[in-house]
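Heads up: the structure comes next, in structure tokens.
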Amino acid sequence: MAKMIIAGNWKMFNNIQASIELVSGLKRLVTANPGCEVVVCPPFTSLEAVGNYLKDSPIKLGAQNMHFEENGAFTGEISAEMLLSVGCVYVILGHSERRAIFGESDELINKKIKKALSKNLLPIFCIGETLQERESNITFDVIKKQVTEGLAGISADDMLKVVVAYEPVWAIGTGKTASPAQAQEVHAFIRNLLGQLYNSTVAAAITIQYGGSVKPENAVELLGQPDINGALVGGACLKADSFNSIIEAASK
Ligand code: PEP
């Protein structure tokens, strides 16, 4: 049975002071709702402060990106070791904003996933189709390519540490959410594909999060779908109350 995980992607929001304010609201609220795993992914500059603040709390720390090399002359990049040193447990990889704005390919994302796994950092591996791809009826082809190439060469044992986040690009930050049926259809497809690439035990155990304008008003219905095991939340995670409502929906 897959674990329910709610993760908040803060993107490029919040300096250190604002980060601590946000997480202090969560720490208070989340302690009372331990029904699912909760992850916060602040920007790099806030990771250490938030990590220290969250010590002894059930909330886990995640980063939003990392480089695939151990270290080296890669100006502006951050390594897996660096993330571990500030207390990260998770790292978001292949977010659609990284793919679209920073040109990340499936091959590059695959290297990052392998590096994260080799360091025992848990990847939140993002996939999803654009509006144009959905309207051209190639959603399943796109998802299949992203999954197959993103996970190439990853063993079944390592796969058990990967969280998959299905995020239709047209639903991210747009206020448009996939309907529960639309999301469930793709989640079932992903789980079935994982069954073919690995086996039925792995497929059943993998957390497949939905992401794309998840908010308190739609969380219960989305998270109630059989193949949706959590959410990757952008906009609605920037306010403690709305993120907490989503966590409550997941705990039900
Ligand atoms: C995201 O950034 O992963 C995301 C899903 O954003 P939003 O919830 O704002 O659509």
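Every read-out reported here was derived from the displayed coordinates using simple, explicitly stated rules and does not represent laboratory data. What you see is a predicted model, and the numbers here were worked out from it, not measured in a lab. Every residue, glycine as well, gets a Cβ built from its backbone with ideal geometry; the counts of neighbours run over all protein chains shown.
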Discussion item. Take the residues in the stretch 86-107 that are touching a residue at least 40 places away in the same chain (Cβ under 8 Å), among the acidic types (Asp, Glu) and out of contact with any Asp or Glu (no Cβ under 6 Å at 6 or more places or on another chain); name whichever of them is surrounded by the most Cβ atoms within 10 Å (Cβ to Cβ).
Written reply: Glu97
Fill in: Filter result (more than 16 Å from the ligand (Cβ to nearest atom), under 29 Å from Ile101 (Cα atoms) and surrounded by 15 or more Cβ atoms within 10 Å (Cβ to Cβ)) within the stretch 17-43
Ser19, Ile20, Val23
Discussion item. Pro226 - would you say it is surrounded by 15 or more Cβ atoms within 10 Å (Cβ to Cβ), more than 17 Å from the chain's Cα centre (by Cα) and touching a residue at least 24 places away in the same chain (Cβ under 8 Å)?
Written reply: no
Worksheet item: Out of all the residues in the stretch 97-108, is one or more within 16 Å of the ligand (Cβ to nearest atom), under 17 Å from Lys11 (Cα atoms) and of a type in the set (Gly, Ala, Ser)?
Response: yes
Discussion item. Condition first: aliphatic (A, V, I, L, M) and surrounded by fewer than 15 Cβ atoms within 10 Å (Cβ to Cβ). Now tell me which residues in the stretch 108-139 satisfy that.
Written reply: Leu131
Fill in: Candidates Ala73, Ala100 - the one that is assigned to a loop (DSSP other than H, G, I, E, B) and of a type in the set (A, V, I, L, M)
Ala73
Worksheet item: When you go through Asn218, Asn192 one by one, which is the residue that is assigned to a helix (DSSP H, G or I), within 11 Å of the ligand (Cβ to nearest atom) and farther than 16 Å from His95 by Cβ?
Response: Asn218
